1. Looking only at residues that are within 16 Å of the ligand (Cβ to nearest atom) and at positive phi in the range 29-52, which one is surrounded by the fewest Cβ atoms within 10 Å (Cβ to Cβ)?
2. So, in the range 162-180, how many residues would count as being over 13 Å from LEU126 (Cα atoms) and surrounded by fewer than 24 Cβ atoms within 10 Å (Cβ to Cβ)?
3. Counting only residues that are over 26 Å from ALA12 (Cβ atoms) and in a strand (DSSP E or B), which one in the range 128-154 is nearest to the ligand (Cβ to nearest atom)?
4. Based on what the data block shows, is PHE114 at pLDDT 95 or above, within 16 Å of the ligand (Cβ to nearest atom), touching a Lys or Arg at 6+ places or on another chain (Cβ under 6 Å) and not in a helix (DSSP H, G or I)?
5. I'd like to know if the range 66-82 contains one or more residues that are among the aliphatic types (A, V, I, L, M) and within 16 Å of the ligand (Cβ to nearest atom).
6. Just to be sure before I move on: is VAL26 within 16 Å of the ligand (Cβ to nearest atom), within 26 Å of THR220 (Cβ to Cβ) and crowded, with 18+ Cβ neighbours inside 10 Å in the structure I sent?
7. Tell me the residue from SER165, SER197, SER87 that is more than 15 Å from the chain's Cα centre (by Cα), farther than 20 Å from ASP252 by Cα and within 16 Å of the ligand (Cβ to nearest atom), please.
8. Of the residues THR55, THR94, which single one is within 15 Å of the ligand (Cβ to nearest atom), over 13 Å from the mean Cα position of the chain (by Cα) and either on the phi > 0 side of the Ramachandran plot or not hydrophobic (A, V, I, L, M, F, W, C) (or both)?
Amino acid sequence: MAKLVILGSSYAVPDETHENTHMAIVGQERTVLVDCVGNPIARLKRAEIDHNAVTDIIMTHFHPDHISGVPLLLMSMWLLDRKHSLSLYGLEFTIDRMQKLMDFYDWKSWPNFFPTEFHTIQETELYPILETDEFKIYTSPVQHWVPTVGLRIEFLKSGKVVAYSSDTAPTETVYGLAQDADILIHEAAGASEGHSSAEQAGTIATETNAKELYLIHYPTGGFEYHGLTAEAAKTFKGPVKIAEDLDQFEFD
Ligand SMILES: [Zn+2]
């Protein structure tokens, strides 16, 4: 059974019930984190995901609310005696900075550190980055303040498709990611440079023929975010929901 777990749903400022947006794709063979923030080991425990099962981390972009947990997770895994390799994926911009960040932590001097492999994501549309018996993951560059990718995940046994916009303003490549998706998980930080509103997310869901829309990366902490579904419903007639921390989607 493969599943997708929402580990956090907030925009850049989290609150007591919403961690920054990140998620996990859990399969038999591989468990893939999509971004990594906060206290990763504690959050994985809350989600009942074994940290030893994590094989891959996809870093959508180099902003603290998406990747600041990577150094802490690497250190925690090392202290928990991990031996097996971990793969990290990102655009060149992201990988370069993550390696420099780890150099600031002087990670090369950590004794018996487990092997890490960095994989550079190409800036082409629907670039295949990972394939297992259970799912295939593709990325496309989207439109944010720094180089960023969104994802399309195909669950092979069920044939279900999940698209995740990542942080982006509405742009052509998001349409490619979301085309005919069973579930579109779209950011709703608000219409601004590099971000989208719930209404814009609804337009994309309609125009790509997505079946269900989940809003994520929305303002939390006192903001009445439940009104976002009504905003998206102005432009999308299918089901609209708010993604919440620890929501799970199961795929056979
Ligand atoms: Zn961002």
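1. Applying the filter and picking the extreme gives GLY38.
2. Residues flagged as over 13 Å from LEU126 (Cα atoms) and surrounded by fewer than 24 Cβ atoms within 10 Å (Cβ to Cβ) within the range 162-180 amount to 4.
3. Residue satisfying both the conditions and the ranking: LEU130.
4. Values: at pLDDT 95 or above: yes; within 16 Å of the ligand (Cβ to nearest atom): no; touching a Lys or Arg at 6+ places or on another chain (Cβ under 6 Å): yes; not in a helix (DSSP H, G or I): yes.
Spelling it out, it is not the case that PHE114 is at pLDDT 95 or above, within 16 Å of the ligand (Cβ to nearest atom), touching a Lys or Arg at 6+ places or on another chain (Cβ under 6 Å) and not in a helix (DSSP H, G or I).
5. So in the range 66-82, the residues among the aliphatic types (A, V, I, L, M) come out as 67, 70, 72-75, 77, 79-80.
Checking which are within 16 Å of the ligand (Cβ to nearest atom) leaves us with 67, 70.
Looking through the range 66-82, at least one residue is among the aliphatic types (A, V, I, L, M) and within 16 Å of the ligand (Cβ to nearest atom).
6. Criteria not met by VAL26.
7. On the way: SER165 fails: more than 15 Å from the chain's Cα centre (by Cα); SER87 fails: within 16 Å of the ligand (Cβ to nearest atom).
SER197 is the lone residue from the list that is more than 15 Å from the chain's Cα centre (by Cα), farther than 20 Å from ASP252 by Cα and within 16 Å of the ligand (Cβ to nearest atom).
8. Values: THR55 fails: within 15 Å of the ligand (Cβ to nearest atom).
Residue meeting the stated conditions: THR94.
The values are calculated or read from the model by the stated rules, or taken from the named source; none is laboratory data. Owing to the predicted nature of the structure, the values given are computational and were not obtained by experimental measurement. Note: ideal-geometry Cβ built from the backbone for every residue, glycine included; neighbour counts use all protein chains shown.
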